[in-house]
Structure formats: C-alpha cells, structure tokens
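Colleague: Shown below is the structure under consideration.
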Amino acid sequence: MAKVMTINSGSSSLKFKLYEMPEEKVICSGNCERIGNADGIFTIKYGDKKDVSYPVFPDHSVAAQTLLDALVEKGIIKSFDEIKAIGHRIVQGGKYFSHSEMFNKDTEEKIRSLIPLAPLHNAAHLTCFQAFKNVIPDTPAIATFDTAFHQTMEPEDYTFPIPYELTEKYDIRRYGAHGTSHKYLSQEGLKYLEGVKHPRIISCHIGSGSSITAIKDGKCVATSMGLTPLGGIMMGTRTGDMDPSVFNYVVSVTGKSAEEVYQMFNKKSGFLGVSGISNDSRDVLAAVEKGDPRAILANNLFNRRIADYIGQYYVRLGGCDLIIFSAGIGENEPRTRSAVGKLLNEAFGVEIDEEINKDLRGKEAVISTPNSKIKVVVIPTDEEVMIARDAYQMCIVEGKKSN
Ligand code: AMP
C-alpha cells in the first residue's frame, strides 16, 4: 500500500486528491482557490468531514505548503514521507508525449516549450510542480497529459489543411484534450461490450468544456478538440468549430483586435453567447422551458453539434458499438441525452429508454432500450484515478525517479 497524490492545477487553483494505492481508495480531496488573490479559499474533505478556511495564497508554493501542512495537522498523514508519488495533470503535451512521463529536466523543458499552445495551463502546471518540489524534493512526480491519448490519431485525422510548411515548422495540428477522461471512459466502457471483437466507442465528455472522441480497439482515432480546446463542438463559452473567416470578419466589422476576438470566441461565445443568458446549461435549459427563443436556439445548436460529431465518427469507425455520455452535462442532464438520442434515431436506430434516463444523475447506467441499434451508457468520468494509477505504476511498481 502507498499514498499517491494527484494534482490538477490551474492559473489560480490547485485541486488535489490523496489515494491509497493500489486500492484506489480516496483518503482526502480538496482545492486551493484564488491563488494570487488576497482572499484564498481552502477546502479539504476527508472521512465525512469537510473543512473550509480562508488563508491567503500569494502563489502556488504557499498553496502546496498549506495543503501538505493541513494533511499532517488533521492527522490524515503523520509526515510528508508517507506520500510516495505525485501525479500532475498537464493540459498540453504537444507531439512529445503519448503516455505519462516522469517529471525531470527534459519533461519540464518540453512542457515549457508548449506554453504558447496552452499559456494559462502549462505555465501554471510548471509553477505547481516546482512548488511541490520545493516542499517535498525527494518525492517522485509524473506528468499525465490531456493530449497523450490522442497521439494515436493518423495524419488524416490530425492535419489541418493549411500550407504544409506551417504544419511542419510550428507543429500546427489537432492535439485534442480531455484525453485522460476519454481513455478512462473507453476502458470502463469495455464491460458493456463483452464478445465484441473490435470495440468501436464514441465517448462524449460533455461539460463546460466538451469533446467527443472516436475509439477503436482502445485507441483514439479521432477527437473533436483541435490545436487548442477551442475547437470541436460548441461549449459553455467557446465557439467550437466554425468557418475560419468568421474570425477575420468579426475583427474587421467590430474594430476589435485579433486578441480581443480570440478571447470573445473563448469566453463569450457558445451557450453564453448565443443565449445571452448563461454559460451554464442548467440556466439555458430553464429558459428553454419558459420558451425563450435564443435559449432554444442555443440548446438546439448544442445538441445538433453533438449529434453531428457522433454521425461523423460513426462513419470514421465504420459503425459504433457504444456511445458514452460523461462529465457535468453528460452525467447530469437527461434532457441533453434525450435530445441527442432523438437526433440519432432515424439514421442510426438509437433509442433512449426515457424512464431510465429521466432520473439518472451522476451515476453509471445503460440508458438505451434493448432494441437500440447502438448501446448508450452514462459513465461518470474519473481523470484523477488514471493519474494515480500511472503514478503508482511508474514510481512505486517500476521504482522510477524524477531526476
Ligand atoms: P464540468 O465542466 O464537467 O464540470 O461540467 C460543468 C457543466 O455541467 C455546468 O456548466 C452545467 O452546465 C453542467 N452541470 C453540472 N452539474 C449539473 C447538474 N446537476 N445538472 C445538470 N447540469 C449540470
């Protein structure tokens, strides 16, 4: 048995989970929020307790020290030595990483070189890695990349049709995201496919950020997010795929700078932009119930883009044995699952069992009828356990070191 910590850091937050491995038992979890602000929030859950305090986190180092001290103070661990490995989630691994890697100078340099592709995330991940290294320097750490699972795509699935010199010179291509989640879902989904020789899965990670992935024989063959998480289906605040000329046209008619329009497409579009109400699907669906026309348009756009991608991936896979819904909306929103199921009915014979679907929130279940031509399931995703598994395997079973 060994304690393994997973870290999911953003520019101003640091989420953590401490596992007992290989049992995969969660000992505690929590979040340091508002790092860099004067009013930090520290939440830690352990056993049946949840403690919230308001320390100031000037930077990620202080946040790391605060959470490690809290583990000892609350008697969750006796000393820092008990933590045998750390797994850091890294958003962008570019062309370099097709699986988790030990954190060392080379890994750090590669993550640093990819900062232009994920400016907020990769920089924060490195700061956070250094923060833990400062406090527990001898604990081995791994990097688990959101892009790694998608590295099995073929050039026809990841190349953008721009001048090829640019593709080569700047590594411009589809990298995708949510890879750790899609990998988890594809593995969990196999239990519904006993006897299927070459399982074809379409996994739909539908949350405030959303992506859809086509998986054959356990490998990603196509995914909806692109160079960055702006691509693919419409999302809470992001446009997803569009005619690229919209960008240039908006710049020219509004007089806004390219950067301002880029921010608009990332932060003010999607559900929020079309509905004018909210980035949260719950608010948009409440307005749909009241007949708000823009909420209805936003919701219909969203559902159709999901169905479009499923149709595209059905062709890419040469059929489909399992559709998986997951993440905030996929796990908790029966109306979205039902609407997408209806859009897929005529072409693919998908039938959702509305009785099962209507009350299903945050739990795993088959939601298609026995007659459905494709099985449809809801599986709550778990990216952290994938990181903990890799950290345990690499640092403890294989005994790899970080330096
Ligand atoms: P995620 O990014 O996976 O955390 O998903 C967040 C989004 O999921 C929110 O913006 C909501 O649109 C949706 N969501 C989260 N919880 C629920 C819920 N209980 N019921 C319906 N939708 C939810």
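The values are calculated or read from the model by the stated rules, or taken from the named source; none is laboratory data. As the structure is a prediction and not an experimental result, all values here were calculated from the model. Counting neighbours? That spans all protein chains shown, and the Cβs are built from the backbone with ideal geometry, glycine included.
Colleague: Among the residues of the range 42-54, what is the count of those that are surrounded by fewer than 18 Cβ atoms within 10 Å (Cβ to Cβ) and either over 23 Å from the mean Cα position of the chain (by Cα) or of a type in the set (Gly, Ala, Ser) (or both)?
Modeller: Result for the range 42-54: 8.
Colleague: Kindly indicate whether any position in the range 350-358 is more than 20 Å from the chain's Cα centre (by Cα), part of a helix (DSSP H, G or I) and of a type in the set (Lys, Arg).
Modeller: Yes.
Colleague: So is Gln393 away from the ligand (no atom under 16 Å from the Cβ), polar (S, T, N, Q) and farther than 30 Å from Val288 by Cβ or not?
Modeller: In short, yes.
Colleague: Could you check how many residues of the range 359-373 are of a type in the set (S, T, N, Q), in a loop (DSSP other than H, G, I, E, B) and closer than 18 Å to Ala339 by Cβ?
Modeller: Number satisfying all stated conditions: 2.
Colleague: Within the range 223-278, track down each residue that is of a type in the set (Phe, Trp, Tyr) and surrounded by fewer than 19 Cβ atoms within 10 Å (Cβ to Cβ).
Modeller: Phe247, Tyr249, Tyr262 - these are the residues of the range 223-278 that are of a type in the set (Phe, Trp, Tyr) and surrounded by fewer than 19 Cβ atoms within 10 Å (Cβ to Cβ).
Residues are listed down the side, and each one gets a yes or a no for (1) of a type in the set (Phe, Trp, Tyr); (2) at pLDDT 95 or above; (3) touching a strand residue (DSSP E or B) at 6+ places or on another chain (Cβ under 7 Å); (4) assigned to a helix (DSSP H, G or I):
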{"position": "Val62", "(1), (2), (3), (4)": "no, no, no, yes"}
{"position": "Gln65", "(1), (2), (3), (4)": "no, no, no, yes"}
{"position": "Ala70", "(1), (2), (3), (4)": "no, yes, yes, yes"}
{"position": "Lys84", "(1), (2), (3), (4)": "no, yes, yes, no"}
{"position": "His99", "(1), (2), (3), (4)": "no, yes, no, no"}
{"position": "Asp106", "(1), (2), (3), (4)": "no, yes, no, yes"}
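Colleague: Here's another thing I want to ask about it. Suppose we filter the range 352-384 for residues that are within 16 Å of the ligand (Cβ to nearest atom) and among the β-branched types (Val, Ile, Thr); how many remain?
Modeller: The qualifying residues number 4.
Colleague: Quick check on the range 108-117. Is at least one of its residues under 24 Å from the mean Cα position of the chain (by Cα), closer than 25 Å to Gln187 by Cβ, of a type outside the set (Gly, Ala, Ser) and not in a strand (DSSP E or B)?
Modeller: No, that holds for no residue.
Every residue, every condition in (1) over 21 Å from Asn403 (Cα atoms); (2) in a loop (DSSP other than H, G, I, E, B), yes or no:
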| position | (1), (2) |
| --- | --- |
| Gln92 | yes, yes |
| His121 | yes, no |
| Ala124 | no, no |
| Glu165 | yes, no |
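Colleague: Take the residues of the range 1-27 that are out of contact with any helix residue (DSSP H, G or I) (no Cβ under 7 Å at 6 or more places or on another chain) and over 18 Å from Thr139 (Cα atoms): which is modelled with the lowest pLDDT?
Modeller: Ser12
Colleague: So which residues in the range 191-222 are exposed (fewer than 15 other Cβ atoms within 10 Å of the Cβ) and either more than 23 Å from Asp157 (Cα to Cα) or in contact with a Cys (Cβ under 6 Å, 6 or more places away or on another chain) (or both), if there are any at all?
Modeller: Correct list: Lys191, Glu194, Gly195, Val196, Lys197.
Colleague: Looking only at the range 15-34, which residues are surrounded by fewer than 16 Cβ atoms within 10 Å (Cβ to Cβ), under 22 Å from the mean Cα position of the chain (by Cα) and either among the basic types (Lys, Arg) or in a strand (DSSP E or B) (or both)?
Modeller: Across the range 15-34, the qualifying residue is only Lys25.
Colleague: Give Phe348, Phe302 a once-over and let me know the one that is touching a helix residue (DSSP H, G or I) at 6+ places or on another chain (Cβ under 9 Å), among the hydrophobic types (A, V, I, L, M, F, W, C) and free of Cβ contacts under 8 Å to residues at least 60 places away in the same chain.
Modeller: Phe348
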